[in-house]
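Asks: Encoded as structure tokens, here's the structure I'll be asking about.
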Amino acid sequence: MDPGRPAGRKGVVEKQMKLLKEIFRDKHTALVFRMVLGLTFLYASLDKIAYPQNFSQIVYNYKILPSFVVNIFAITLPWVELICGLFLIGGIFLESSSLLILILLAVFTIATSFNVFIRGIDIQCGCFTASLAAKKQGAELLFRDVILLLMSVQVFLFNQNFATLPGFYQRILYRWLLK
Amino acid sequence: MRQRQSFSSVLLKAAGIVCAGFVIGILNNSFSPRGIELVGNWGNKVISDSLVVPNSYEPEDPEAVTLSQALKSFESEKAVFLDCRVKEDFDSGHIKGALSLPWEEFEVYFPEVKSSLGDAKEIVAYCDGTECELSLLLARELAQLGYQGVKVFFGGWLEWTRAGLPVEKGS
């Protein structure tokens, strides 16, 4: 084989992998993922904030937390989700908010897989709605969790503080001071 | 390129976000008309239960217990629950923490279970429900072997699951 010619099947695959890696590390990708995650969490928190009674029932059904913390968890978690969602969209404390989202998603994934695969029970997710009548999902839910989890890892690592509200205001301030 | 912040400062801000969520959540809950108690009253309680025993039950047999008594033993975590049904039934669902001791194969399974019974203060035998007498046969056998605190929960799997009490799957 001619070493001077990198073409061939292997070369193409390598090139594609490299491109994929570049896309994954790109700050624009981080911006898109940030928006997706932010809107998702923002949307997810609203119904839970509106109906704490239902949501606490769902948290209780997971049968993972001791019963005396169920209500406090159900009252406060949606607000943490809401703040993180807003911060991700606005680009405020990006590392911290994406880290929190990452941890939350990891906990949700573990809790769901624990119930689906180990206990073999399919319960209400309580992800986007506090309605007890919502359909149960199980495996589908886990798939979604893992995708979102990957997105949060990407945002945490490669956001580069690109297109953030604080950065925007900083630039305006500089411009005004330099005039 | 902008310098990355130290991980501890990232963690500190994350803790701040959690605290903010916590405070806002509690405040919102106390002012909201849909607010709930901070510590909920979860779990189950039995408000009425009955003791139904099979005709073959004799006064000198091991004590028969109701659902609420069985639940009390369960919550004390000092009782060992023995499931007398066949292994397949046990695998597809049983009282949480129960051990499998199918009456039909007592000799096969008893050596395995024996070690866990050593210092048990209470042993609760159960099977499907009142129609099932395996638990009584097993309890008699254990009492004869000299075990103390042997009880029969005739309500069994049926009453336990109807009440939505803790169960688990697998062996």
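Asks: Given the condition touching a strand residue (DSSP E or B) at 6+ places or on another chain (Cβ under 7 Å), assigned to a loop (DSSP other than H, G, I, E, B) and not charged (D, E, K, R), answer yes or no: does some residue in the stretch B:140-152 qualify? Write out each step before concluding.
Replies: Within the stretch B:140-152, the first condition is being touching a strand residue (DSSP E or B) at 6+ places or on another chain (Cβ under 7 Å), and the residues that meet it are B:142-143, B:147, B:149-152.
Then keep just the ones that are assigned to a loop (DSSP other than H, G, I, E, B); that gives B:147, B:149.
Those still in the list that are not charged (D, E, K, R) too: B:147, B:149.
Within the stretch B:140-152, one or more residues are touching a strand residue (DSSP E or B) at 6+ places or on another chain (Cβ under 7 Å), assigned to a loop (DSSP other than H, G, I, E, B) and not charged (D, E, K, R).
Asks: Would you check if B:Glu105 is modelled with pLDDT under 90 and either outside any loop (DSSP other than H, G, I, E, B) or open to solvent by less than 60 Å² (accessible area, probe 1.4 Å) (or both)? Steps first, answer last, please.
Replies: Numbers: modelled with pLDDT under 90: yes; either outside any loop (DSSP other than H, G, I, E, B) or open to solvent by less than 60 Å² (accessible area, probe 1.4 Å) (or both): yes.
Answer is yes for this residue.
Asks: In addition: Among the residues of the stretch A:39-78, which ones are closer than 19 Å to B:Ile17 by Cα and among the β-branched types (Val, Ile, Thr)?
Replies: Those that are closer than 19 Å to B:Ile17 by Cα and among the β-branched types (Val, Ile, Thr): A:Thr40, A:Ile49, A:Ile72, A:Ile75, A:Thr76.
Asks: Which count do you get for residues in the stretch B:160-171 that are in a helix (DSSP H, G or I) and open to solvent by 50 Å² or more (accessible area, probe 1.4 Å)?
Replies: Kept after step one, since they are in a helix (DSSP H, G or I), are these residues of the stretch B:160-171: B:160-162.
Those left that are additionally open to solvent by 50 Å² or more (accessible area, probe 1.4 Å): B:161-162.
Number of matching residues: 2.
Asks: Output yes when any residue across the stretch A:9-22 is polar (S, T, N, Q) and open to solvent by 40 Å² or more (accessible area, probe 1.4 Å), and no when none is. Even if it seems obvious, please write down each step before you answer.
Replies: Pass one, the stretch A:9-22, residues polar (S, T, N, Q): A:16.
Going one step further and asking which of them are open to solvent by 40 Å² or more (accessible area, probe 1.4 Å), we end up with A:16.
Among the residues of the stretch A:9-22, at least one is polar (S, T, N, Q) and open to solvent by 40 Å² or more (accessible area, probe 1.4 Å), which makes the answer yes.
Asks: Looking at A:Thr76, A:Thr112, can you tell me which residue is within 14 Å of chain B (Cβ to nearest Cβ), on the phi < 0 side of the Ramachandran plot, free of Cβ contacts under 8 Å to residues at least 40 places away in the same chain and out of contact with any Pro (no Cβ under 8 Å at 6 or more places or on another chain)?
Replies: Of the residues listed, the single one that is within 14 Å of chain B (Cβ to nearest Cβ), on the phi < 0 side of the Ramachandran plot, free of Cβ contacts under 8 Å to residues at least 40 places away in the same chain and out of contact with any Pro (no Cβ under 8 Å at 6 or more places or on another chain) is A:Thr76.
Asks: Please work out which residue is nearest to the chain's Cα centre (by Cα), limiting yourself to the stretch A:79-102 and to residues that are open to solvent by 30 Å² or more (accessible area, probe 1.4 Å) and within 8 Å of chain B (Cβ to nearest Cβ). First the steps, then the outcome.
Replies: Looking only at the stretch A:79-102, we keep the residues that are open to solvent by 30 Å² or more (accessible area, probe 1.4 Å), and these are A:79, A:86-87, A:89, A:92-93, A:102.
Keeping just the survivors that are within 8 Å of chain B (Cβ to nearest Cβ) gives A:79, A:87, A:93.
Values: A:Trp79: 15, A:Phe87: 12, A:Phe93: 15 Å.
Among residues in the stretch A:79-102 that are open to solvent by 30 Å² or more (accessible area, probe 1.4 Å) and within 8 Å of chain B (Cβ to nearest Cβ), the one nearest to the chain's Cα centre (by Cα) is A:Phe87.
Asks: Let me ask you something else. If a residue has to be free of Cβ contacts under 8 Å to residues at least 24 places away in the same chain and crowded, with 16+ Cβ neighbours inside 10 Å to count, how many in the stretch B:111-138 make the cut?
Replies: Here the count works out to 0.
Asks: Right, here's the next one. Of the numbered conditions (1) without any contact (Cβ under 8 Å) to a residue 60 or more places away in the chain; (2) touching a helix residue (DSSP H, G or I) at 6+ places or on another chain (Cβ under 7 Å); (3) open to solvent by less than 40 Å² (accessible area, probe 1.4 Å), B:Ser32 satisfies every one except a single condition; which is it?
Replies: The one condition B:Ser32 does not meet is (2).
The values are calculated or read from the model by the stated rules, or taken from the named source; none is laboratory data. What you are looking at is a predicted structure, and each value in this text was computed from that prediction instead of being measured. Note: ideal-geometry Cβ built from the backbone for every residue, glycine included; neighbour counts use all protein chains shown. Surface accessibility is based on the protein's heavy atoms, side chains included, excluding ligands, DNA and RNA. Shrake-Rupley method; radii C 1.70, N 1.55, O 1.52, S 1.80 Å.
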